[in-house]
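Have a look at the structure below before the remarks.
The values are calculated or read from the model by the stated rules, or taken from the named source; none is laboratory data. Please read these numbers as outputs of a predicted model, since none were measured by experiment. When we count neighbours, we look across all protein chains shown, and the Cβ atoms used for this are built from the backbone with ideal geometry, even at glycine. SASA here: full protein model, heavy atoms, side chains in, ligands and nucleic acids out. Shrake-Rupley method; radii C 1.70, N 1.55, O 1.52, S 1.80 Å.
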Amino acid sequence: QVPVVESGGGLVQPGGSLRLSCTGSESLFRLYDLAWYRQGPGTLHDAVAHILLDGTPSYADSVKGRFTISRDNAKKTMSLQMNSLRPEDTGVYYCNTSPGAAVSWGQGTQVTVSS
């Protein structure tokens with residue numbers, strides 16, 4: 001059983017928007033702070049947004065003011081609303097625990113920002 005499943009990626013023009021979703025187990029959402037990670041070409045998983053169990057968010061400087069992270073522990077889902085997308089936002093986006101990755105990585109969802 002895959003611990004997490006990401007969805008919602010796609011191809012979008014610069015300035016566009018996407019909303020990513022992550023689903024997981026009850027224990028994941030009950031016990032862990034979570035994050036969205038981005039893996040670009042030749043890079044490791046870089047965290048772009050974190051969210052604590054109580055819903056308190058924090059963001060990497062590169063996405064602050066453009067991305068919004070949220071979670072619904074009862075529904076076992078986490079979202080990432082991405083606005084004003086830039087080419088440098090391109091990558092595969094993953095959800096996992098924070099800090100670090102305590103569960104196996106899912107398949108991720110590809111986000112491509114290009115004109």
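Compute the length gained on full extension between Ser104 and Ser70: take 0.36 nm times their separation in residues and subtract their Cα-Cα distance, giving the result in nm to one decimal.
Result: 10.1 nm gained on full extension.
Tell me, what is the 1.4 Å probe accessible area of Arg71, in Å² to the nearest 10?
Surface accessible to solvent at Arg71 totals approximately 40 Å².
Enter the Cα centre distance for the pair the stretch 30-59 and the stretch 8-27, rounded to the nearest angstrom.
13
If packing is taken as the average count of other Cβ atoms within 10 Å, what order do 50-57, 79-86, 5-12 fall into, highest mean first?
Ranking, from highest mean packing down: 79-86, 5-12, 50-57.
Using a 1.4 Å probe on the protein heavy atoms only, what accessible surface does Thr90 show? Give it in Å² to the nearest 10.
40
Sum up the charges of everything whose Cβ sits under 11 Å from the Cβ of Gly91, counting Lys and Arg as +1 and Asp and Glu as -1, but leave Gly91 out.
On the way: positive: Arg38; negative: Asp46, Glu88, Asp89.
Local net charge: -2.
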